[in-house]
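These notes concern the structure reproduced below.
What follows draws every value from the coordinates through simple rules; no lab data is involved. As the structure is a prediction and not an experimental result, all values here were calculated from the model. Neighbour counts run over all protein chains shown; Cβ positions are idealised from the backbone, glycine included.
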Amino acid sequence: MIFPRILLIAVSLLCVGLSAEPESPQSHSSVSTTKHLSYGNEILFSSRILSREISINIYLPQTFHQASKQHRYPVIFINGTHGKEFFHALTGVVKHLSSVERMPESIVISLNDGGDEPETYLHGMWTHTAEEKFSALGNPEAYSKFLTEELFPYLESNYRALDNRMIIGVSTSSIFPLYALTNKPGLFQSYFFLSAADIFGMGPTSEGTFIDEITTSMQTSSNKISAFYFAMADSDMLKDKRYEKILSQINTKLSPYAKENLKLKIDVLNNENHYGAFIKATLSAIELNYPHEEWSANYRELISQPGDALQNIDHFYQSLSQKYGFPILPRATRWRNVNKLSHITNLLLKDGRIQEAINVARRWVEYRPNSIDAHQSLAQALQQNNEIPEASDVLKKALEISRNQDKSKTSAINRQLTELNLN
C-alpha cells in the first residue's frame with residue numbers, strides 16, 4: 001500500500017509558545033542546563049482523498065520504542081479544536097492509568113482540524129442565535145473514507161495500531177463523532193461525549209435529533225458499539241432545564257442495548273463546569289471501558305497457583321484478550337511495581353523454580369529484545385540451571401546491545417561473563 005506524503009513537524013508540544021529558560025538568567029543561578037520535554041508530535045498528513053493537509057497530534061505509549069513488534073495498541077481519538085486543546089491532559093491520564101495497568105497502553109490522536117461536519121439543524125437549542133442550521137463543513141463521507149483508507153492503515157503500518165478505536169467529542173466537537181456513530185458503524189468501537197447535551201438535541205434533519213438518529217442506528221445489526229459514555233457538568237445542567245430531559249432520553253433509548261453487551265453510562269459530574277469536567281469525565285469513561293477489577297492482575301498470586309508460572313500468567317491475559325477482542329500481553333517491566341515479568345523472574349529464582357524462571361526470562365527478552373537487564377537475568381537463570389554455553393551466548397548479546405545503547409553497563413556484563421567462565 002502506498003501512503004500519502006507525511007510531514008512530521010519536530011516540535012515539543014509541551015513547550016509550544018513557552019520557554020523553560022528565564023529571559024535574563026541571574027549570575028547566582030544554579031541552573032546549568034535546560035532540556036525541553038516532549039509528549040507527542042504534530043503530523044501534517046497530505047490526504048489524497050480530501051485534497052488537503054490534515055493536522056494530527058500523536059502520542060505513543062512510553063514503552064513503544066522498546067517493545068517488540070508483538071505489542072500493538074488501541075487508539076483513542078479526540079476530535080477538533082477541543083481535541084487539540086485537551087491533548088496534553090488526555091495523554092497524561094492515559095500514560096498514568098496504563099502505567100499502573102488500569103487500562104491497556106494506548107496511542108492517542110487528536111484530529112486537530114476536526115472531522116468534516118454534516119449539515120446540522122439547531123432545533124432551537126442555541127437561544128443566542130436565530131440561525132436554523134449549520135451549513136455542512138466539508139464532506140463527512142469523504143472524511144470517513146480518509147480515516148478508513150488513509151489514516152487508519154498508516155497508523156497500523158507505522159505505529160502497530162489495532163482496529164480498536166475510541167473517539168472523544170467535547171461540546172461542538174461532538175458533531176462528527178455523532179455522524180460516525182449513526183452513519184459509519186465500525187469506524188469507532190467506543191464513544192465518549194462531554195458537555196454536549198445541546199448538540200444531542202440538534203440533528204441532521206429538520207425533523208429529527210441526533211438522539212433519534214442514534215436510536216435508529218442502534219436497531220441495525222451492523223452497529224454494535226462496545227461502550228457509550230456521556231457526561232455533563234452540574235453547572236451546565238443548571239443553566240438549561242432542557243438538558244435534563246435530553247439526558248433522560250439518551251438513557252431511556254440506549255438502556256435496552258446495554259443488555260446486549262453495550263457498556264453504558266450517563267454522568268452528571270458534581271462541582272464541575274463545562275470544560276473543567278474533562279479530567280473527571282475521562283477517568284470515568286476509561287473506567288467504564290476498562291473496569292479496575294478486570295485489569296488488576298496480581299502476578300505473585302498467579303504464580304502461586306497450581307501449574308506453570310508463565311502459563312498461569314498467559315492464561316489471565318488470554319482471557320482478557322478474548323473478552324476485549326484484541327491482544328493484551330503481560331507487562332515485561334513497570335515502574336515501581338511487582339506485577340511484571342522482570343520481578344517474577346527474580347522471584348522464581350529465589351524460590352528455586354529455575355526452569356520456570358528461565359521460561360519467564362525468555363519471554364521478557366522476547367518482549368524487550370534490546371533490554372540489557374532482560375538478557376542478564378536470563379543468563380543468570382541459565383547459569384543456575386548449569387546451561388553455561390547458552391548463558392554465555394546471552395551475555396554476549398547483552399554486551400553487544402550495551403555497546404550500542406549504554407556503554408556504562410559493559411564492565412558489569414564482562415564481569416558476569418568472566419565469573420561464568422570461571423565456573
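Relative contact order of the stretch 299-422: 15 percent, from C-alpha pairs under 8 Å at least 6 residues apart in sequence.
In debye to the nearest 20, how big a dipole does the stretch 92-164 give about its Cα centre with +1 on each Lys and Arg Cβ and -1 on each Asp and Glu Cβ? Walk me through the intermediate numbers first.
On the way: 5 positive and 13 negative charges, 76 e Å.
Computed about the Cα centre, the dipole is about 360 debye.
Rounded, prolate or oblate: pick one for the chain, where a ≥ b ≥ c are the square roots of the eigenvalues of its C-alpha gyration tensor, a/c under 1.5 means rounded, and failing that, prolate if a/b is larger than b/c, else oblate. Write down the numbers at each step before the final one.
Values: a/c = 2.29, a/b = 1.77, b/c = 1.29.
Prolate, since a/c reaches 1.5 and a/b exceeds b/c.
Loop-only trypsin sites (Lys or Arg not before Pro) in the stretch 302-342, please: DSSP not H, G, I, E or B, and at most 11 other Cβ atoms within 10 Å. List each step's numbers first, then the result.
Working: sites: K323, R331, R334, R336, K340; in loops: R331, R334, R336, K340.
Answer in residue order: R336.
In a DSSP loop and with at most 16 other Cβ atoms within 10 Å, the GluC sites (Glu not before Pro) in the stretch 63-142 are E119, E131, E132.
If you filter the stretch 294-348 for chymotrypsin sites (Phe, Trp or Tyr not before Pro), then keep DSSP loop positions with at most 14 other Cβ within 10 Å, what is left?
Numbers: sites: W295, Y299, F316, Y317, Y324, W335; in loops: W295, W335.
Hits after loop and neighbour filter: W335.
By the equivalent-ellipsoid construction on the alpha carbon gyration tensor, the stretch 290-358 comes out with semi-axes of 22, 13, 10 Å, ordered largest to smallest.
Report summary: the helix-based calculation at 222 nm, which adds -39500 (n - 2.57) for every DSSP H run with n ≥ 4 and divides by the residues of the chain, gives -13000 deg cm²/dmol. With the Cα gyration tensor of the stretch 324-391 giving a ≥ b ≥ c as the square roots of its eigenvalues, does the rule (a/c under 1.5 for rounded; else a/b larger than b/c for prolate; else oblate) give rounded, prolate or oblate? Prolate, since a/c reaches 1.5 and a/b exceeds b/c.
Output needed for the stretch 56-125: three equivalent-ellipsoid semi-axes, defined as square roots of 5 times the C-alpha gyration tensor eigenvalues, in descending order, whole Å.
On the way: eigenvalues 178, 33, 22 Å².
Rounded to whole Å, the semi-axes are 30, 13, 11.
Classify the stretch 200-307 as rounded, prolate or oblate, taking a ≥ b ≥ c as the square roots of the eigenvalues of its Cα gyration tensor: rounded when a/c is under 1.5, otherwise prolate if a/b is larger than b/c and oblate if not. Cα axes put the stretch 200-307 in the oblate bin. The mean sequence distance of close C-alpha pairs (under 8 Å, at least 6 residues apart), as a share of the length of the chain, puts its relative contact order at 11 percent. Between R300 and K224, the modelled label-to-label distance comes to 4.1 nm, taking each label 7 Å out from Cα in the direction of the beta carbon.
If you take every DSSP beta bridge whose two residues both sit in the chain, what share of them, in percent to the nearest 5, is antiparallel?
Details: 19 of 46 bridges.
Close to 40 percent.
Run the numbers for E132 and I388: contour at 0.36 nm per residue of separation, minus the present Cα-Cα distance, in nm. Walk me through the numbers on the way to the answer.
Details: separation 256, 0.36 × 256 = 92.16 nm, distance 7.92 nm.
Difference between extended and current length: 84.2 nm.
As a size descriptor, the averaged projected area of the C-alpha convex hull of the stretch 344-423 was calculated at 4.7 nm².
Remark: for residue pairs K184/K263; K239/K263; K184/K265, the C-alpha separation exceeds 25 Å in K239/K263. Placing unit charges on the Cβ atoms only, positive for Lys and Arg and negative for Asp and Glu, gives the chain a dipole magnitude near 1140 debye about its Cα centre.
When ranked by the protection proxy of mean other Cβ atoms within 10 Å per residue, highest first, what sequence do the peptides 343-352, 172-181 form?
Working: 343-352: 17.7, 172-181: 25.1.
Those peptides, ordered most packed to least, come out 172-181, 343-352.
Among beta bridges identified by DSSP and lying wholly in the stretch 55-165, the antiparallel ones come to about 50 percent.
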